[in-house]
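A.B. asks: Quick one: structure below, then a few questions.
Only the coordinates and a few stated rules stand behind these numbers; no lab work does. Bear in mind the structure is a predicted one, so any value in this text is a computation, not a measurement. As a convention, Cβ positions derive from the backbone with ideal geometry for all residues, glycine included, and neighbour counts pool all protein chains shown.
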Amino acid sequence: MDHSSHSRLSPAEYSDHVLSGAAIYGPENARIGSVAHVHGSGPEAQVIIDVGGFLGMGAKPVAVPARDLDFMRDESGVVHAVTTWTKDQLKAMPEHHH
């Protein structure tokens, strides 16, 4: 997927309503997780990413700062994000507990 033509979200859009469910793509456009939910809003928000698992089962939730992800919309308006982290790097992060 070529993300260069996708419109970036403004930090004001970093909220649970907008980001929840967004796919997260790592290096080489590999899908590495999805946004489970968001704590707070704006660039200081904490994004909870479900990493791994299958069909929502067995995924590990990890918390990362929203500012560390590049959120955008594709041509269809679907929100997603790209990051330089790999799935293994995210899995190595401490598990987020609700």
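A.B. asks: If you check ARG73 against the conditions, is it touching a residue at least 60 places away in the same chain (Cβ under 8 Å), under 13 Å from the mean Cα position of the chain (by Cα) and over 18 Å from HIS97 (Cα atoms)? Before you say what the answer is, go through the steps one by one.
C.D. replies: On the way: touching a residue at least 60 places away in the same chain (Cβ under 8 Å): yes; under 13 Å from the mean Cα position of the chain (by Cα): yes; over 18 Å from HIS97 (Cα atoms): yes.
Yes.
A.B. asks: Here's a follow-up. If the requirement is being touching an Asp or Glu at 6+ places or on another chain (Cβ under 6 Å) and not hydrophobic (A, V, I, L, M, F, W, C), which of these qualifies: SER76, SER34, SER15?
C.D. replies: Working: SER76 fails: touching an Asp or Glu at 6+ places or on another chain (Cβ under 6 Å); SER15 fails: touching an Asp or Glu at 6+ places or on another chain (Cβ under 6 Å).
Exactly one residue qualifies, and that residue is SER34.
A.B. asks: Also: For segment 38-57, check the following and say yes or no: at least one residue is within 16 Å of HIS80 (Cα to Cα), in contact (Cβ under 8 Å) with a residue 12 or more places away in the chain and acidic (Asp, Glu).
C.D. replies: Yes - at least one qualifying residue is present in segment 38-57.
A.B. asks: Just wondering, is there one or more residues in segment 39-46 that are touching a Phe, Trp or Tyr at 6+ places or on another chain (Cβ under 8 Å) and of a type in the set (Ser, Thr, Tyr)? Reasoning before the result, please.
C.D. replies: Pass one, segment 39-46, residues touching a Phe, Trp or Tyr at 6+ places or on another chain (Cβ under 8 Å): 41-43, 45.
Cutting the leftovers down to of a type in the set (Ser, Thr, Tyr) gives us 41.
So far as segment 39-46 goes, yes, one or more of its residues are touching a Phe, Trp or Tyr at 6+ places or on another chain (Cβ under 8 Å) and of a type in the set (Ser, Thr, Tyr).
Every residue, every condition in (1) in contact with a Pro (Cβ under 8 Å, 6 or more places away or on another chain); (2) crowded, with 18+ Cβ neighbours inside 10 Å; (3) touching a residue at least 24 places away in the same chain (Cβ under 8 Å), yes or no:
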| position | (1), (2), (3) |
| --- | --- |
| ALA36 | yes, yes, yes |
| LYS60 | no, no, yes |
| ASP68 | no, no, no |
| ALA81 | no, yes, yes |
| LYS87 | no, no, yes |
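A.B. asks: Output the residues belonging to segment 25-41 that are part of a strand (DSSP E or B) and more than 15 Å from ASP68 (Cβ to Cβ). Before you say what the answer is, go through the steps one by one.
C.D. replies: First pass over segment 25-41, keeping only residues part of a strand (DSSP E or B): 25, 31-39.
Answer for segment 25-41, where residues must be part of a strand (DSSP E or B) and more than 15 Å from ASP68 (Cβ to Cβ): ARG31, SER34, ALA36, HIS37.
A.B. asks: Can you list residue pairs whose Cβ atoms sit under 8 Å apart, with the first residue in segment 5-31 being without any contact (Cβ under 8 Å) to a residue 24 or more places away in the chain and the second being among the aliphatic types (A, V, I, L, M) and loosely packed, with under 13 Cβ neighbours inside 10 Å? Count only pairs 6 or more apart in sequence or on different chains.
C.D. replies: Close Cβ pairs satisfying both conditions: none exist.
A.B. asks: Can you name every residue in segment 40-58 that is under 15 Å from PRO11 (Cβ atoms) and surrounded by 13 or more Cβ atoms within 10 Å (Cβ to Cβ)?
C.D. replies: Step one: of segment 40-58, the residues under 15 Å from PRO11 (Cβ atoms) are 40-47.
Residues satisfying the conditions are GLY40, SER41, GLY42, PRO43, ALA45, GLN46, VAL47.
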